[in-house]
Amino acid sequence: MLKVERMSKHFGGVYANRDVSLEVAEGELRGVIGPNGAGKSTLFNLIAGHLRPDAGSISLAGAHIDRLPPHVRARRGVAIVFQGARLFAGMSLLQNVMVGAHARSRAGLVSAAFRPPAQRREEREIRTQAEQCLDRVGLLELADRPAEGLPLGQQRRLQVARALAGRPRLLLLDEPASGLRAAERTQLADLIRELNGAGTTILLVEHDVGMVTSLAHRITVLDLGTVIADGTPAEVTSDPAVVKAYLGTGADHAAHH
Amino acid sequence: MAPVMSRVMSRPQPRTALVVLACVAACVAPLVLPDLTFFMRMVMAAIVVTGLSMLMGYSGQASLGQGAFVAAGALTVAVGTTRFELPPLVALLAAPLVAAGFAALVGVPLLRLHGHYLAFGTLALLLMVQAAMSTFDVLGGALGVSGIPPLGVGDRVVVGQLPYVYLALGCLGLVLLLSHRTVHSRFGRGIQALAGSQTAAESAGVPVNRSKVTIFALSAGYAGLAGGLSAFFTPYVSPDSFPALESFTYVIMAVVGGLGTIWGGVVGAVIVSVLLQVLNTVSSQPGLPPTAAPIMQYATYGALLVLALLFMPRGVVPSVDAGVGRLLERARVEAPG
Ligand SMILES: Nc1ncnc2c1ncn2[C@@H]1O[C@H](COP(=O)(O)OP(=O)(O)O)[C@@H](O)[C@H]1O
Ligand SMILES: [Mg+2]
């Protein structure tokens, strides 16, 4: 389904991704873990098309997508939930999610002006489906509220709903559980499992390693931009290199805070 | 902006009444006003500013040079009818299309600029259009184009100012309807989204560059329509017909009226036009120096902007909207049932 081959990306002297190779099967739920600054978000932005790789290639369902701009990749079925909140200010929650349906709808300016039956039908369908997506993340009661000023947990859930509205084949989730409370986390985990069960291929970056190991079929571990391990959750968590990378930064963290 | 819109949706009655009232006033005004030229200019400004307000308020792009597209529309009519013998009606229909096409063409490189850079880029475009108009004889040269025939079909031609005024009002109505439909559509959502976060809009499937160019061209089309109408109303088009100050005025009208609303452009155009007219009358009183008029105009712009930013940072329409909403709320509380 997704094949990343020897991909590199550097910012100045820092290699954010270095020779990263990754193969994800159709229907797989892949966890991606690694310490802060390991290059996880960079990997996602390269796959979604917001960054251009310096070297290497990406293919989706057998076709190279390297040169496609992000909105075309979205039409091919790639959706991303960004690590930071990137909401559409000035729009309601429902409208935010309706924008997510862009990838699989087509009405343009001309049909907006003349409103033919096909356009009205599409609009109704987009609205209904956006409401369903909001409902799935538990935000339906807030549908008409403006998106700005939402608490962090709701911002994350809104982003997930927006991604769902595009009915993606490949869903990239970059730390979707950060800022969520325990109950919200459990709900999100259930939702991720349910989506994956319905056939969506998912890449999940998450700080909460427990959550990743309980959800993912396989896990890829990044450190300093390179893949240091790749395997089932059991294999990966007992890998000495992984333990070392994690304990190393864990100790760093402890020292900093 | 969104809270305003949702509030509007939840209490449509007073707003509908206001809109009906405004329509009636607009239709009656030309019959009672002594000066139709002033009214016509106001309606044309409203058409231009409705487009500009949509561009600025929904897509977050500013243009200090809408006059360039007004000029494109006016030239289409002026040059089209006098040189290429286009039937007047065809020339009028072509005016918004030519202006929009021109905007789409220059928009591709221009819209790579952001914020202030884009604003100054569009201003530079206006200056270039002015220079081209006075340089090339096809576009009238320094003397301008005169002898534009009246609007009409075959032998039946428009006589007097009144029909043009009503035609312009009809066009304004059409433009408002088109803006409303544009904003409340898939395309309109894409535009608003890219103003919020370009990256997120792209990854949701919004073709960012194409959408920006399209909305830019649409607002230019409105300007071109106004330009085409004005070329029939005042059948003379020269480089001086589109001063930069007028393009700044459009921006001030848009801001005063309220960005991100459909009616903001009209309200801003009316308020600022009336104010300028009053100033004009005052400053042309005997005894005042000839420099009084421009000085007062600039001073008014400054004062308007400061006042708007201080008391109505979102513009008149959203502020009044919220104010009326609060009043109604209080009325409901005080008179239950
Ligand atoms: N736009 C950027 N410009 C410069 N450096 C960047 C940029 N994005 C990421 N980096 C650097 O690349 C490395 C990987 O970052 P990132 O992919 O965000 O890691 P992670 O998501 O695993 O925490 C870090 O050293 C980070 O500072
Ligand atoms: Mg990250």
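The values are calculated or read from the model by the stated rules, or taken from the named source; none is laboratory data. Remember, it's a predicted structure, so these values are computed and weren't measured experimentally. Every residue, glycine as well, gets a Cβ built from its backbone with ideal geometry; the counts of neighbours run over all protein chains shown. Accessible surface areas use protein heavy atoms only, side chains included; no ligands, DNA or RNA. Shrake-Rupley method; radii C 1.70, N 1.55, O 1.52, S 1.80 Å.
Odds and ends about this structure:
- Test: residue in the range A:45-56 that is at positive phi, touching a residue at least 24 places away in the same chain (Cβ under 8 Å) and within 10 Å of ligand 1 (Cβ to nearest atom): no
- Selection status of B:S59, closer than 22 Å to B:A244 by Cβ and of a type in the set (S, T, Y): no
- In the range A:112-154, residue most open to solvent (accessible area, probe 1.4 Å) [restricted to those that are of a type in the set (G, A, S) and at pLDDT 90 or above]: A:A118
- Residue satisfying all of: in the range A:73-93; among the hydrophobic types (A, V, I, L, M, F, W, C) and assigned to a helix (DSSP H, G or I); nearest to ligand 1 (Cβ to nearest atom) among these: A:A74
Residue by residue, here is whether (1) facing chain B (nearest Cβ under 7 Å); (2) hydrophobic (A, V, I, L, M, F, W, C) holds:
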position	(1), (2)
A:A85	no, yes
A:A89	yes, yes
A:S92	yes, no
A:G108	yes, no
A:S111	no, no
A:F114	no, yes
A:R121	no, no
A:Q132	no, no
A:G138	no, no
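- One residue stands out in the range A:40-71 among those that are part of a helix (DSSP H, G or I) and facing another protein chain (nearest Cβ under 8 Å): the one that is nearest to ligand 2 (Cβ to nearest atom), namely A:A48.
- No other residue among A:G12, A:G62 is open to solvent by 10 Å² or more (accessible area, probe 1.4 Å), within 8 Å of ligand 1 (Cβ to nearest atom) and without any contact (Cβ under 8 Å) to a residue 40 or more places away in the chain apart from A:G12.
- Answer from A:A229, A:A216 - the residue that is more than 24 Å from A:P168 (Cα to Cα) and more than 14 Å from ligand 1 (Cβ to nearest atom): A:A229
- Restricting A:I192, A:I202 to residues that are open to solvent by less than 10 Å² (accessible area, probe 1.4 Å), more than 16 Å from ligand 1 (Cβ to nearest atom) and assigned to a helix (DSSP H, G or I) narrows the list to A:I192.
- Of all residues in the range A:181-206, those that are more than 15 Å from A:L158 (Cα to Cα) and outside the structural domain of A:Q154 (by TED's automatic domain parsing) have Cβ atoms under 9 Å from Cβ atoms of residues that are of a type in the set (A, V, I, L, M) and open to solvent by 20 Å² or more (accessible area, probe 1.4 Å), 6 or more apart or on another chain, in A:T201/A:M1; A:T201/A:A25.
- Test result for A:R86, modelled with pLDDT under 95 and within 16 Å of ligand 2 (Cβ to nearest atom): yes
- Residue among A:S21, A:S41 that is within 24 Å of A:Y246 (Cβ to Cβ) and within 15 Å of ligand 1 (Cβ to nearest atom): A:S41
- Output for the range A:220-237, where each listed residue is away from ligand 2 (no atom under 16 Å from the Cβ) and crowded, with 22+ Cβ neighbours inside 10 Å: A:V236
- Checked against (1) away from chain B (no Cβ under 13 Å); (2) out of contact with any helix residue (DSSP H, G or I) (no Cβ under 6 Å at 6 or more places or on another chain); (3) not hydrophobic (A, V, I, L, M, F, W, C), A:G149 passes all but a single condition, namely (1).
- Only one of B:A200, B:A217 that is without any contact (Cβ under 8 Å) to a residue 24 or more places away in the chain and either within 14 Å of another protein chain (Cβ to nearest Cβ) or not hydrophobic (A, V, I, L, M, F, W, C) (or both): B:A200
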